[in-house]
Amino acid sequence: MKIENINTLGELKASGYQSKSIKEELRTNLREKIKSGKPTFDGVHGFENTVIPELERAILSRHNINLLGLRGQAKTRLARKMVELLDEYIPFVTGSEINDDPLKPISRYAKDLIAINGDATAISWLHRSDRFFEKLATPDVTVADLIGDIDPIKAANLKLSYADDRVIHFGMIPRANRCIFVINELPDLQARIQVALFNILQEGDIQIRGFKLRMPLDMQFVFTANPEDYTNRGNIVTPLKDRIGSQILTHYPETVQIARTITEQEANLDVIQSDMVHVPSLAKDLLEQISFEARESEYIDNKSGVSARMSITAYENLLSTAERRALKAGVDKTTLRLSDFMGIIPSITGKVELVYEGEQEGAAYVAQNLIASAIHTFFPGYFPKIEKLEKPDEKTAYTDLIEWFFAESGFELLDDATDEQYQRILGSIVPLEILVKKYQPQLEKEDRFFMKEFILWAMVEYKKLSKDRITDGYQFKDMYGSYISKL
């Protein structure tokens, strides 16, 4: 069917077009996608065996949907992806405020126009990208905003009585007829406003200022909400919950690999930045592990969640830290360093909600603690485990490294050291090179220095070395050597 050749109601009828409700559209197109084996919600990762099957069942059941989950769990992304399951174009009566179906008009405007013009009534075509409406529920939202109200200016201009339904100004919901309508943060909507949605969800009609309007709106509602025990700003009233067909619980990525995929997809990086900074695979894993550590941290309110946005903005800041260092050094390429992770602290502090103990310690301390915890978690996967208790005089894989620091006065890693200086300093520690060659022999050459620094930071976390922040970098020393030398 070539829509450019169909511009009137008569031509539409002659084409054999059949009207479908939006829920039927979604269902039909979803059936075809599932049959063909195509991904139904492409670009949404980690939900393949949990959320997406539940969402598919809800669409096949023609349900209105409530996506319930903590912040940063792709709830709105899922709702927006549903647009791809709509037909590419649908016809509507030209000039209609509520996208009237030419074959099943519901507004007075469309009915009167068709009664006058018949098959000559002009029609237009609405693309699926224009069939998505979104409203953030805020305490100041009114029934008039959502449903509609009498427009006194329209009444005066048209010289109509308030008893005439043509004086009605439609709200967002009627204007979203035959569309997907998303209300974000539903508990924030006042209870009396939620009550106004009852009829629309159950019977599909609306009431405005006492007008006896029977307007069977054709809509797909999607609501998003945080768990009620967290928001404390309001609740979803029980009768409204009862009218929502399916409530689907979302969740955070279950593995570091899935989290990495999401971060790399969503990070706002340009080609110059990506080409300038080489990021070792371990660095990407560490970055994601920070979010996993935050969700388990005793300093952070786990009811509020830790958004996937934290990893995304942290990754952007991480690359910007290395980029800034490269620009100051006047070089075109650099490799990420573990010390660059201090550049992500601003991305963490604003995105975690601290409990009392966390507030006492301070946001910056908590952020550094999360980075340290991620290093502590990952280290045994790359090198032999460091035991807390060791037998006296027993030689371990790290004895030579500890003795090197005992014999030396320590060394400094400066934030803005050039790559040449950085590699020379780390290269001077022979036991580090031996450890990397022995336990990570397959490691790419450009990742070796990141791995060396990783060992040093891990030794600090396992209380084998000390690390102090100096004005423009970090100083690593033996835990006891500097003290003994003063005796």
Over region 106-155, the set of residues polar (S, T, N, Q) and touching a Phe, Trp or Tyr at 6+ places or on another chain (Cβ under 7 Å) is S124
Subset of region 276-295 that is among the β-branched types (V, I, T) and surrounded by 21 or more Cβ atoms within 10 Å (Cβ to Cβ) - its residue that is farthest from the chain's Cα centre (by Cα)
V277
Condition check for Q273: out of contact with any helix residue (DSSP H, G or I) (no Cβ under 8 Å at 6 or more places or on another chain), surrounded by fewer than 19 Cβ atoms within 10 Å (Cβ to Cβ) and either under 30 Å from Q421 (Cβ atoms) or not basic (K, R) (or both):
no
Scan (1) more than 19 Å from H127 (Cα to Cα); (2) surrounded by 14 or more Cβ atoms within 10 Å (Cβ to Cβ) for the single condition I22 breaks and write down its number.
(1)
Sort through G46, G10, G16 and tell me the only one that's more than 30 Å from E266 (Cβ to Cβ), in a loop (DSSP other than H, G, I, E, B) and in the same structural domain as D130 (by TED's automatic domain parsing).
G16
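In this structure, is F476 aromatic (F, W, Y), surrounded by 16 or more Cβ atoms within 10 Å (Cβ to Cβ), in a helix (DSSP H, G or I) and touching a residue at least 40 places away in the same chain (Cβ under 8 Å)?
Values: aromatic (F, W, Y): yes; surrounded by 16 or more Cβ atoms within 10 Å (Cβ to Cβ): yes; in a helix (DSSP H, G or I): no; touching a residue at least 40 places away in the same chain (Cβ under 8 Å): yes.
So F476 fails the test.
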Since V331 meets every condition but one in (1) farther than 27 Å from E185 by Cβ; (2) β-branched (V, I, T); (3) part of a helix (DSSP H, G or I), which condition does it not meet?
(3)
Restricting attention to region 321-343, does a residue exist that is under 21 Å from F378 (Cα atoms) and within 21 Å of the chain's Cα centre (by Cα)?
no
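Does E359 fit the bill of being touching a strand residue (DSSP E or B) at 6+ places or on another chain (Cβ under 8 Å) and either exposed (fewer than 15 other Cβ atoms within 10 Å of the Cβ) or among the charged types (D, E, K, R) (or both)?
Details: touching a strand residue (DSSP E or B) at 6+ places or on another chain (Cβ under 8 Å): no; either exposed (fewer than 15 other Cβ atoms within 10 Å of the Cβ) or among the charged types (D, E, K, R) (or both): yes.
Against the criterion (touching a strand residue (DSSP E or B) at 6+ places or on another chain (Cβ under 8 Å) and either exposed (fewer than 15 other Cβ atoms within 10 Å of the Cβ) or among the charged types (D, E, K, R) (or both)), E359 does not qualify.
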Among the helices (runs of 4 or more DSSP H) lying completely within region 358-439, list those that include at least 3 residues that are in contact with a Leu (Cβ under 9 Å, 6 or more places away or on another chain) and in the same structural domain as M310 (by TED's automatic domain parsing).
363-378
When you go through (1) modelled with pLDDT under 90; (2) more than 21 Å from V51 (Cα to Cα) one by one for N226, which number turns out not to apply?
(2)
Filter region 287-309 down to the residues that are of a type in the set (D, E, K, R) and part of a helix (DSSP H, G or I), then identify the one that is nearest to A225 (Cα to Cα).
R309
Exactly one of (1) of a type in the set (A, V, I, L, M); (2) more than 23 Å from A417 (Cβ to Cβ); (3) within 17 Å of the chain's Cα centre (by Cα) is unmet by I300. Its number?
(3)
Subset of region 395-420, residues polar (S, T, N, Q) and within 29 Å of H278 (Cβ to Cβ), comes to T418
Looking at K385 and the list (1) farther than 21 Å from L318 by Cβ; (2) surrounded by 13 or more Cβ atoms within 10 Å (Cβ to Cβ); (3) not polar (S, T, N, Q), which single condition is not satisfied?
(2)
Which one of S428, S409 is at pLDDT below 90, among the polar types (S, T, N, Q) and surrounded by fewer than 19 Cβ atoms within 10 Å (Cβ to Cβ)?
S409
For region 157-204, which positions are modelled with pLDDT under 85, in contact with a helix residue (DSSP H, G or I) (Cβ under 9 Å, 6 or more places away or on another chain) and surrounded by fewer than 19 Cβ atoms within 10 Å (Cβ to Cβ)?
L158, L160, S161, Y162, D164, D165, R166, H169, Q202
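What tally of residues in region 158-188 results from selecting those that are within 23 Å of the chain's Cα centre (by Cα) and not in a strand (DSSP E or B)? Can you show your working first?
Taking region 158-188 as the starting set, the residues that turn out to be within 23 Å of the chain's Cα centre (by Cα) are 180-188.
Those still in the list that are not in a strand (DSSP E or B) too: 185-188.
Final tally of qualifying residues: 4.
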Give the number of residues within region 205-225 that are surrounded by 15 or more Cβ atoms within 10 Å (Cβ to Cβ) and under 23 Å from R108 (Cα atoms).
11
Please identify the pairs in which a residue from region 95-110 that is in contact (Cβ under 8 Å) with a residue 24 or more places away in the chain and buried (at least 21 other Cβ atoms within 10 Å of the Cβ) has its Cβ atom under 9 Å from the Cβ atom of a residue that is assigned to a helix (DSSP H, G or I) and among the basic types (K, R), counting only partners at least 6 apart or on another chain.
I98/R175; N99/R175; D100/K111; P102/K13
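Of all the residues that make up region 47-75, how many are surrounded by fewer than 16 Cβ atoms within 10 Å (Cβ to Cβ) and touching a residue at least 60 places away in the same chain (Cβ under 8 Å)?
To start, the set of residues in region 47-75 that are surrounded by fewer than 16 Cβ atoms within 10 Å (Cβ to Cβ) comprises 48-50, 53, 57, 60-62.
Imposing the further condition that a residue be touching a residue at least 60 places away in the same chain (Cβ under 8 Å) reduces the set to 50, 57, 61-62.
Qualifying residue count for the region: 4.
The values are calculated or read from the model by the stated rules, or taken from the named source; none is laboratory data. Since the model is a prediction, treat every value here as computed from it, not as a measurement. Every residue, glycine as well, gets a Cβ built from its backbone with ideal geometry; the counts of neighbours run over all protein chains shown.
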